[in-house]
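Visitor: Mind having a look at this structure? Questions to follow.
The values are calculated or read from the model by the stated rules, or taken from the named source; none is laboratory data. Keep in mind it's a predicted model, so treat the numbers as computed, not measured. No Cβ is skipped: glycine too gets one built from the backbone with ideal geometry, and neighbour counts run over all protein chains shown. To get the accessible areas, we keep the full protein, side chains included, count just its heavy atoms, and leave off ligands, DNA and RNA. Shrake-Rupley method; radii C 1.70, N 1.55, O 1.52, S 1.80 Å.
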Amino acid sequence: MKINKLLIASLLLLSIVATACGDRRPKSTSTRGLARIMCDESFQSVLEQEIAVFEYQYPEASIMPEYINEHDALDSLFRNRVDLIIISHDLTREQKESLKKLGRGYRTKMIAVDAIAVIVNKQNDIDELSMDDLRDIFTGKVKRWGEVFPTKLKNDTIKVMFDGSGTGVVHYIKDKFLNGAKFGPNVYARSSSQQVFDAVEEYKNVIGFIGVSWITSDLKSAEIPIAEKYEELKTKNEVSVIDFTDRIKVMPVRGDEQVQGVKPYQAYISSGEYPLVRTIWAIDASYNGMLDHGFFTFLTGVIGQKIILQTGILPAAEPVRYVEVQ
């Protein structure tokens, strides 16, 4: 999301004028002021919608997001550079103790259940991949598509693309598949999920791994006027089945105990049939009543959770009701 610098400057100017006029209101409340937050880049497409609705609901609030890898987000939290971060896991016990030693209170909550989508070029004619196939690809045991399955791309070298080197997606894949081993020489880091998507769309031999919300094709919710979207969020408690963009191919993945692979649709994420599932956490170390705390409360509340439901992943708190569109 591009921050409206003119709006920020106006807010700062109003604050100065208010002070000169004797206005003794606090500079920041749970619904007013400026808040800088850091978010794992793979969750960007979801957070931008959250911010848009929050700022519409509270016109005097301005959320300034920075999308980075989760290692740097955690580092900024512990160096007191930021109070609210969004990453793919809760704080460890040691990290919680460290915050206490720094004299900082904190609150953490899971806000979403996400899935890692496996995407390939539309020319790739392989029908599905197993968890063992993925493991062999990550370690470099197999280097060409023909070693995975008979395919017209049999002589093409497999190039694996991630959204960076320290992102939540990379950490998840390492923990899930490598057991301390290193990636093979066929693994590359791009600087964003969008760049991974673009590489898969352009090159037939590339396989990419990104958060599901980046590939949902149902963008109507994001494109409708914000006032209409806000009213819908307040009154509607259901979601239509969300499909994926047709610009790339979303690969079904077969779990170790499954006979058939599935794609990362919300129903399969919810049932546990899709095997590449992770969580998304909001971690807030701000004081009660600050704007950071207000946004944290919004993310974990009813409207914030409904927004997540509309993006193709699962909210952590709200029950899911699917409506099949005929």
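Visitor: Go through the range 80-89 and give me each residue that's over 12 Å from G168 (Cα atoms) and part of a loop (DSSP other than H, G, I, E, B).
Guide: Result: N80, R81, V82, D83.
Residue-wise test of (1) modelled with pLDDT of 80 or more; (2) of a type in the set (G, A, S); (3) in a strand (DSSP E or B); (4) open to solvent by less than 20 Å² (accessible area, probe 1.4 Å).
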| residue | (1), (2), (3), (4) |
| --- | --- |
| I210 | yes, no, yes, yes |
| A222 | no, yes, no, no |
| E228 | yes, no, no, no |
| L233 | yes, no, no, yes |
| N237 | no, no, no, no |
| D246 | yes, no, no, no |
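Visitor: Note down all Cβ pairs under 9 Å where the first residue falls in the range 161-189 and is closer than 14 Å to V118 by Cβ and open to solvent by less than 80 Å² (accessible area, probe 1.4 Å), the second is of a type in the set (S, T, N, Q) and in a loop (DSSP other than H, G, I, E, B), and they're at least six residues apart or on different chains.
Guide: These pairs meet every condition: D163/N69; D163/S191; D163/S192; V169/S88; Y172/S88.
Visitor: Restricting to the range 109-131, what's the tally of residues that are open to solvent by 40 Å² or more (accessible area, probe 1.4 Å) and touching a residue at least 40 places away in the same chain (Cβ under 8 Å)? Walk me through how you get there before you give the answer.
Guide: Here is the first cut: in the range 109-131, the ones open to solvent by 40 Å² or more (accessible area, probe 1.4 Å) are 109-110, 122-123, 125, 127-128.
Those still in the list that are touching a residue at least 40 places away in the same chain (Cβ under 8 Å) too: 109-110, 122-123, 127-128.
Adding up the residues that qualify gives 6.
Visitor: How do the pairs read when you match residues in the range 52-79 that are within 20 Å of V170 (Cα to Cα) with residues anywhere that are surrounded by fewer than 15 Cβ atoms within 10 Å (Cβ to Cβ) and basic (K, R), using Cβ under 9 Å and keeping only pairs 6 or more apart or on different chains?
Guide: What qualifies is D75/R81.
Visitor: Here is a follow-up. What tally of residues in the range 59-73 results from selecting those that are modelled with pLDDT of 95 or more and under 19 Å from K96 (Cβ atoms)?
Guide: 1
Visitor: Now for a separate question. Only one of S76, S88 is closer than 20 Å to A285 by Cβ, among the polar types (S, T, N, Q) and modelled with pLDDT of 95 or more; which? Steps first, answer last, please.
Guide: Values: S88 fails: modelled with pLDDT of 95 or more.
Only one candidate qualifies: S76.
Visitor: Can you spot a residue in the range 92-100 that is of a type in the set (D, E) and either farther than 30 Å from I303 by Cα or without any contact (Cβ under 8 Å) to a residue 24 or more places away in the chain (or both)? Walk me through how you get there before you give the answer.
Guide: Restricting attention to the range 92-100, the residues satisfying the condition of being of a type in the set (D, E) are 94, 97.
Pick out the ones that are also either farther than 30 Å from I303 by Cα or without any contact (Cβ under 8 Å) to a residue 24 or more places away in the chain (or both) and you get 94, 97.
Looking for residues that are of a type in the set (D, E) and either farther than 30 Å from I303 by Cα or without any contact (Cβ under 8 Å) to a residue 24 or more places away in the chain (or both), one finds at least one in the range 92-100, hence yes.
Visitor: Out of all the residues in the range 132-143, which are touching a strand residue (DSSP E or B) at 6+ places or on another chain (Cβ under 8 Å) and open to solvent by 20 Å² or more (accessible area, probe 1.4 Å)?
Guide: Listed by number, the list holds a single entry, K143.
Visitor: Hey, another quick one. Considering only the range 30-53, state which residues are open to solvent by 10 Å² or more (accessible area, probe 1.4 Å), of a type in the set (S, T, N, Q) and part of a helix (DSSP H, G or I).
Guide: Within the range 30-53, Q44, S45, Q49 qualify.
Visitor: Y56 fails exactly one of the following numbered conditions: (1) touching a Phe, Trp or Tyr at 6+ places or on another chain (Cβ under 7 Å); (2) at pLDDT 95 or above; (3) crowded, with 20+ Cβ neighbours inside 10 Å. What is the number of that condition?
Guide: Only one criterion in (1) touching a Phe, Trp or Tyr at 6+ places or on another chain (Cβ under 7 Å); (2) at pLDDT 95 or above; (3) crowded, with 20+ Cβ neighbours inside 10 Å is unmet by Y56, namely (3).
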